[in-house]
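Colleague: A single structure is presented below for examination.
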Amino acid sequence: MSKADPALTAASEQVLRAAAEKSLRPSIAGFFDEATYTVTYVVHDPITCEAAVIDSVLDYEAASGRTSYGSAERVIEYVTSNNLKVKWHIETHAHADHISAAPYLQEKLGGKLAIGKEIVRVQEVFGKLFNAGTDFERDGSQFDHLFSDGETFKLGTIEAIALHVPGHTPADMAFLFGDAAFVGDTIFMPDFGTARADFPGGDARQLFQSIRRLLSLPEETRLFLCHDYKAPGRDEYAWESTVGLQRAENVHVKDGTSEEDFVKMRTTRDATLDMPTLIMPSVQVNIRGGRLPDPEDNGVSYIKIPVNAV
């Protein structure tokens with residue numbers, strides 16, 4: 001059984017109770033990018049039409065270094081056609097597998113750009129790795145808002161809470177809107193398991209504790225996942241689950257899995273994994289809030305690739 005988290009229990013009960021009392025569930029649309037296996041979500045309050053965009057994707061062609069906006073334009077079309085008012089562009093963490101489109105979407109749709117406050121730890125580590133220099137601020141100031149663990153806020157009439165769930169990175173956050181939790185890179189579909197924990201600042205033990213924290217939510221809580229890699233034997237991509245299903249079936253962390261067994265499994269498995277294809281451009285841009293490095297004197301932005309450093 002999951003160990004109860006008193007702070008999470010009290011705050012989440014408030015959010016879930018408000019959703020039940022109003023018979024209100026957020027409206028959710030997922031946009032899957034098969035190139036990076038990433039799901040961008042638009043979640044909105046059906047009463048006020050206030051919306052949040054979670055984990056957006058900027059199209060990036062690694063061989064040429066070219067960016068484009070096809071994935072972002074799909075989000076814009078959905079938002080405008082449904083007359084939504086974007087209040088937030090939320091990043092669950094500084095992604096290592098895709099570049100955020102948040103600045104582009106913010107320019108087109110308005111809203112605040114937000115991430116968890118522990119992004120400063122990630123900025124410090126990767127600022128050194130990329131030798132970003134003193135001009136690169138390591139205080140999270142590239143974002144409009146830094147969420148704290150347990151912070152509550154509203155999306156229209158929908159109660160929401162931000163939850164710190166480190167392990168994949170030190171800064172990972174999950175966000176509960178009504179009965180729906182957006183869990184970033186913590187857990188995947190039950191047949192695929194859990195996220196890796198071997199990036200700088202990652203920790204398999206912390207990841208286990210974060211996942212069990214999320215799985216202490218009521219079993220009917222809907223979980224929306226940031227990625228799906230289509231486990232062997234499954235024909236379709238999928239990115240929605242529930243707490244109850246994860247507790248019963250997740251191949252890495254279902255009920256009865258000990259912390260020690262999980263840490264051993266995760267550490268052994270991570271040692272066999274290649275680095276994500278886009279990790280160098282993605283992290284370098286995402287720690288800047290999705291903005292490219294400043295252009296050099298020829299007007300061109302450059303992505304650094306540290307050699308023999310990772």
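The values are calculated or read from the model by the stated rules, or taken from the named source; none is laboratory data. A quick note: this is a predicted structure, and the numbers were derived from the prediction, not measured. Cβ coordinates were reconstructed from backbone atoms using ideal geometry, including for glycine residues, and neighbour counts include every protein chain displayed.
Colleague: Kindly provide the set of residues from region 52-79 that are in contact (Cβ under 8 Å) with a residue 12 or more places away in the chain, hydroxyl-bearing (Ser, Thr, Tyr) and either part of a helix (DSSP H, G or I) or surrounded by fewer than 22 Cβ atoms within 10 Å (Cβ to Cβ) (or both), ordered by number.
Modeller: Of all residues in region 52-79, those in contact (Cβ under 8 Å) with a residue 12 or more places away in the chain come to 52-60, 62, 65, 67, 69, 71-72, 74-76, 78-79.
Cutting the leftovers down to hydroxyl-bearing (Ser, Thr, Tyr) gives us 56, 60, 67, 69, 71, 78.
Tyr60, Thr67, Tyr69, Ser71, Tyr78, listed by residue number.
Colleague: Hey, another quick one. So which residues in region 187-213 are part of a loop (DSSP other than H, G, I, E, B), under 16 Å from Asp255 (Cα atoms) and under 14 Å from the mean Cα position of the chain (by Cα), if there are any at all?
Modeller: Of all residues in region 187-213, those part of a loop (DSSP other than H, G, I, E, B) come to 188-193, 195-203.
Narrowing further to those that are under 16 Å from Asp255 (Cα atoms): 188-193.
Answer for region 187-213, where residues must be part of a loop (DSSP other than H, G, I, E, B), under 16 Å from Asp255 (Cα atoms) and under 14 Å from the mean Cα position of the chain (by Cα): just Phe188.
Colleague: Show the residue pairs that are 6+ apart or on different chains and have beta-carbon atoms under 9 Å apart, the first residue being within region 112-136 and farther than 16 Å from His95 by Cα and without any contact (Cβ under 8 Å) to a residue 40 or more places away in the chain, the second being in a loop (DSSP other than H, G, I, E, B) and among the acidic types (Asp, Glu).
Modeller: These pairs meet every condition: Lys112/Asp144.
Colleague: For region 111-137, how many residues meet the condition of being under 20 Å from the mean Cα position of the chain (by Cα), outside any strand (DSSP E or B) and charged (D, E, K, R)?
Modeller: 4
Colleague: Go through region 11-21 and give me each residue that's at pLDDT 60 or above and crowded, with 16+ Cβ neighbours inside 10 Å.
Modeller: Within region 11-21, the subset at pLDDT 60 or above is 11-18.
Result: Ala11, Ser12, Val15, Leu16, Ala18.
Colleague: Please enumerate the residues belonging to region 266-276 that are in a helix (DSSP H, G or I) and under 23 Å from the mean Cα position of the chain (by Cα). Don't jump to the end; show me each part of the working.
Modeller: Residues of region 266-276 in a helix (DSSP H, G or I): 266-270.
Selection gives Arg266, Thr267, Arg269, Asp270.
Colleague: While we're here: Being in a loop (DSSP other than H, G, I, E, B), among the aliphatic types (A, V, I, L, M), within 20 Å of Pro218 (Cα to Cα) and modelled with pLDDT under 90 narrows it down to one of Leu8, Leu24, so name that one.
Modeller: Just one listed residue meets the conditions, Leu24.
Yes/no matrix, rows are residues, columns are (1) loosely packed, with under 15 Cβ neighbours inside 10 Å; (2) in contact with a His (Cβ under 9 Å, 6 or more places away or on another chain):
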{"position": "Lys230", "(1), (2)": "no, no"}
{"position": "Ser241", "(1), (2)": "no, no"}
{"position": "Arg247", "(1), (2)": "no, no"}
{"position": "Val251", "(1), (2)": "no, no"}
{"position": "Thr257", "(1), (2)": "no, no"}
{"position": "Asp261", "(1), (2)": "yes, no"}
{"position": "Lys264", "(1), (2)": "yes, no"}
{"position": "Arg269", "(1), (2)": "no, yes"}
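Colleague: Can you pull out the residues in region 175-220 that are among the polar types (S, T, N, Q), crowded, with 22+ Cβ neighbours inside 10 Å and under 24 Å from Ala114 (Cβ atoms)?
Modeller: Thr186, Ser210
A quick yes/no check of all residues on (1) modelled with pLDDT of 95 or more; (2) within 30 Å of Ser64 (Cβ to Cβ):
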site: Gly233; (1), (2): no, no
site: Leu245; (1), (2): yes, no
site: Glu249; (1), (2): yes, no
site: Glu259; (1), (2): yes, no
site: Arg266; (1), (2): yes, no
site: Pro276; (1), (2): no, yes
site: Val285; (1), (2): yes, yes
site: Pro295; (1), (2): no, yes
site: Ala309; (1), (2): no, yes
